[in-house]
Amino acid sequence: MSDLHNLSVKALVSLLQTKEVSAVEVATRFLARMGGNPHNAYLDIDSEVTLAQAQVSDAKLANGTAGPLEGVPVAHKDVFVTRDFATTAGSKILSGYRSPFDATVVQRLRTAGMVTLGKLNCDEFAMGSANENSAYGPVQNPWDMARVPGGSSGGSAAAVAAGLAPAATGTDTGGSIRQPASFCGITGIKPTYGRASRYGMIAYASSLDQAGPMARSAEDCALLLSAMCGADLDRDSTSLDMPTEDFAASLNNSLEGLRIGIPKEFFGEGLHADVRAAVDGALREYEKLGAKLVPISLPRTELSIPVYYIIAPAEASSNLSRFDGVKFGHRAKDYTDLVDMYKKTRAEGFGNEVKRRIMTGAYVLSHGYYDAYYLQAQKIRRMIADDFQNAFKECDVIAGPVAPSVAWKFGENANDPVADYLADIFTLPASLAGLPGMSVPAGFGAGGMPVGLQLIGNYFKEAQLLNAAHRLQQATNFHLQKPAGV
Ligand code: GLN
């Protein structure tokens, strides 16, 4: 069983349930691969904790009380708080922080039987598109070590692509599940805002933040998503009061007659030719599967960049005010009084991008600028959501690229934050509207790097997205390709 690390979640479930392998064997295999922390994907590993969880899973498998994913390993983005592992959100300000409780998503996956492998690297407080903003160093893309893995869930995407976890959690505020999934050739889904509880997910921009699974296939994502989602009304006021759903139940539905909307704004200048070619190839596959391509328009696509980069920093400036050296993590050593302690702690603890966003956010919310920036952005956000509802009168799902290019090389955008912001153009609209979106491997582009197809659905249509993604994965083998040496 030397290829345990290449098995799908689904395959691992059946091997574990038939007792062909034990949870301890599976965990041991992944822990061995994680030794030396390849790609800098992990921020915290504790093999004792992992093996103890695996033993509990083996006992449950033996006595017939196993959960649906019992014994299958998972790793969590370091934005989810965990009792048994440190949680830093990729920030120095939280170095050494340990939460007294588990995030709801972590707890739900554990209840389903998943064994935690560790915590995954990410951009500081999930702010970034390349994982270059982590205080603990960047993550290398397993397809090309000289390139970024995408962000902010870069460690999650790299870990799955490199066989360092069969599945991972991510968070997506403006594209942080979809874009790294695209850059690393894996599958990821951000559900409808409110589907997964945000309790214990360190807040970046609360009206946008959403958790989701990242794995090799749509089928595996469906298994995790079913376990992750569910109402958590007492602990997250924006959690949706909806029954849990079996997202794997409709994966094989026919796509005959499915109307796929193609927004013209997603195919304009700026989209690299290699990405376009791969996306076009996937769309042709959909036509072969019986779907119809329908031209649509999302006229305010471009405005999603300024709107998002006003609203997200505004919310972040408020959310991050709690990191002041009093309750959590880092505190400056030498200070004269309380205000000086706050200032020094925050100056030392936050990285440049986080500081930039706190300042932008405070500015757009301040007296005299609120109406001109924040209020305007909120109004346009509503119009962007309305544009989607107009589009969904003509189509069932929307398809396009996840990002304008494949993963770039380290340092290419490092001194140009706006270049990173602009590359979020295709993922931000669905985030602002709160719609579910996913990335599905669609081929390879420049430098042999993976390209993701983005599928966006209407509210609560995750099952339909996963069905469309699964059918594409039955017809193609892009999601089965692996980086050299995996
Ligand atoms: N790249 C976007 C940002 O930096 C999105 C990040 C995210 O989804 N967490 O804010």
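Cβ-Cβ under 6 Å, sequence separation 6+ or interchain: first residue in the stretch 164-192 and in a loop (DSSP other than H, G, I, E, B), partner within 15 Å of the ligand (Cβ to nearest atom) and among the charged types (D, E, K, R). Which pairs? Within 6 Å, the pairs are Thr173/Asp209; Gly174/Asp424; Gly175/Asp424; Ile177/Lys190. Applying the condition of being within 16 Å of the ligand (Cβ to nearest atom) and β-branched (Val, Ile, Thr) to the stretch 112-162 and asking which residue is farthest from Lys10 (Cα to Cα) yields Val148.
May I ask you to list the residues in the stretch 51-82 that are within 19 Å of the chain's Cα centre (by Cα) and hydrophobic (A, V, I, L, M, F, W, C)? Scanning the stretch 51-82 gives Val74, Ala75, Val79, Phe80, Val81.
One residue alone among Val49, Val79 is under 18 Å from Ser153 (Cα atoms) and of a type outside the set (Ser, Thr, Tyr), and that residue is Val79.
Within the set Ala167, Ala157, Ala196, the sole residue that is of a type in the set (A, V, I, L, M, F, W, C), closer than 18 Å to Ala407 by Cα and in contact with a helix residue (DSSP H, G or I) (Cβ under 7 Å, 6 or more places away or on another chain) turns out to be Ala157.
Considering only residues in the stretch 97-111 that are among the hydrophobic types (A, V, I, L, M, F, W, C) and part of a helix (DSSP H, G or I), the one that is farthest from the ligand (Cβ to nearest atom) turns out to be Leu109.
Within the stretch 284-303, is there a residue that is over 26 Å from Gly452 (Cα atoms) and without any contact (Cβ under 8 Å) to a residue 40 or more places away in the chain?
Scanning the stretch 284-303 turns up no residue that is over 26 Å from Gly452 (Cα atoms) and without any contact (Cβ under 8 Å) to a residue 40 or more places away in the chain.
Of all the numbered requirements in (1) closer than 20 Å to Val440 by Cβ; (2) hydrophobic (A, V, I, L, M, F, W, C); (3) in a loop (DSSP other than H, G, I, E, B), Ala135 misses one, and that requirement is (1). When the stretch 249-271 is filtered for residues that are crowded, with 16+ Cβ neighbours inside 10 Å and outside any helix (DSSP H, G or I), the ones remaining, listed by number, are Leu251, Leu255, Leu258, Ile260, Gly261, Ile262, Pro263, Leu271. Screening the candidates Pro404, Pro450, Pro417, Pro441 for the property of being of a type outside the set (Val, Ile, Thr), surrounded by fewer than 19 Cβ atoms within 10 Å (Cβ to Cβ) and closer than 20 Å to Ala277 by Cβ yields one hit, Pro404. Checked against (1) within 22 Å of Ser176 (Cα to Cα); (2) within 16 Å of the ligand (Cβ to nearest atom), Val364 passes all but condition (1).
Condition check for Arg382 on (1) among the charged types (D, E, K, R); (2) more than 19 Å from Asp172 (Cβ to Cβ); (3) under 19 Å from the mean Cα position of the chain (by Cα): one failure, at (3).
Scanning the stretch 416-448 for residues being small (Gly, Ala, Ser), within 12 Å of the ligand (Cβ to nearest atom) and touching a residue at least 24 places away in the same chain (Cβ under 8 Å) gives a total of 4. Restricting the first member to the stretch 118-131 and to residues that are on the phi > 0 side of the Ramachandran plot and assigned to a strand (DSSP E or B), and the second to residues that are of a type in the set (Val, Ile, Thr) and more than 14 Å from the ligand (Cβ to nearest atom), the beta-carbon pairs closer than 8 Å and six or more apart or on different chains are Gly118/Ile45; Gly118/Thr50.
Of these, Ala403, Ala399, Ala391, which one is of a type in the set (Gly, Ala, Ser) and out of contact with any Leu (no Cβ under 7 Å at 6 or more places or on another chain)? Explain how you work it out, then say what you get.
Working: Ala399 fails: out of contact with any Leu (no Cβ under 7 Å at 6 or more places or on another chain); Ala391 fails: out of contact with any Leu (no Cβ under 7 Å at 6 or more places or on another chain).
Testing whether each residue is of a type in the set (Gly, Ala, Ser) and out of contact with any Leu (no Cβ under 7 Å at 6 or more places or on another chain) leaves just Ala403.
Looking at Gly361, Gly349, Gly434, just one residue is at positive phi and out of contact with any strand residue (DSSP E or B) (no Cβ under 6 Å at 6 or more places or on another chain), and that residue is Gly434. Of all residues being among the polar types (S, T, N, Q) and not in a loop (DSSP other than H, G, I, E, B) in the stretch 283-323, which is surrounded by the fewest Cβ atoms within 10 Å (Cβ to Cβ)? Just the residue, please. Only one residue tops the list, namely Ser321.
Restricting to the stretch 324-343, and then to whatever is part of a helix (DSSP H, G or I) and surrounded by 18 or more Cβ atoms within 10 Å (Cβ to Cβ), can you tell me which residue is farthest from the ligand (Cβ to nearest atom)?
Restricting to residues being part of a helix (DSSP H, G or I) and surrounded by 18 or more Cβ atoms within 10 Å (Cβ to Cβ), the top hit is Met341.
Within the stretch 199-228, being assigned to a loop (DSSP other than H, G, I, E, B), surrounded by fewer than 24 Cβ atoms within 10 Å (Cβ to Cβ) and of a type outside the set (A, V, I, L, M, F, W, C) holds for Tyr199, Gly200, Ser206, Ser207.
The single condition from (1) assigned to a helix (DSSP H, G or I); (2) surrounded by fewer than 16 Cβ atoms within 10 Å (Cβ to Cβ) that Asp246 fails is (1).
Considering Glu256, Glu269, the condition of being modelled with pLDDT of 95 or more, of a type in the set (Asp, Glu) and over 19 Å from Ile456 (Cβ atoms) is satisfied by Glu256 alone.
The values are calculated or read from the model by the stated rules, or taken from the named source; none is laboratory data. A quick note: this is a predicted structure, and the numbers were derived from the prediction, not measured. Ideal geometry is used to build each Cβ from the backbone, glycine not excepted, and the neighbour counts take in all protein chains shown.
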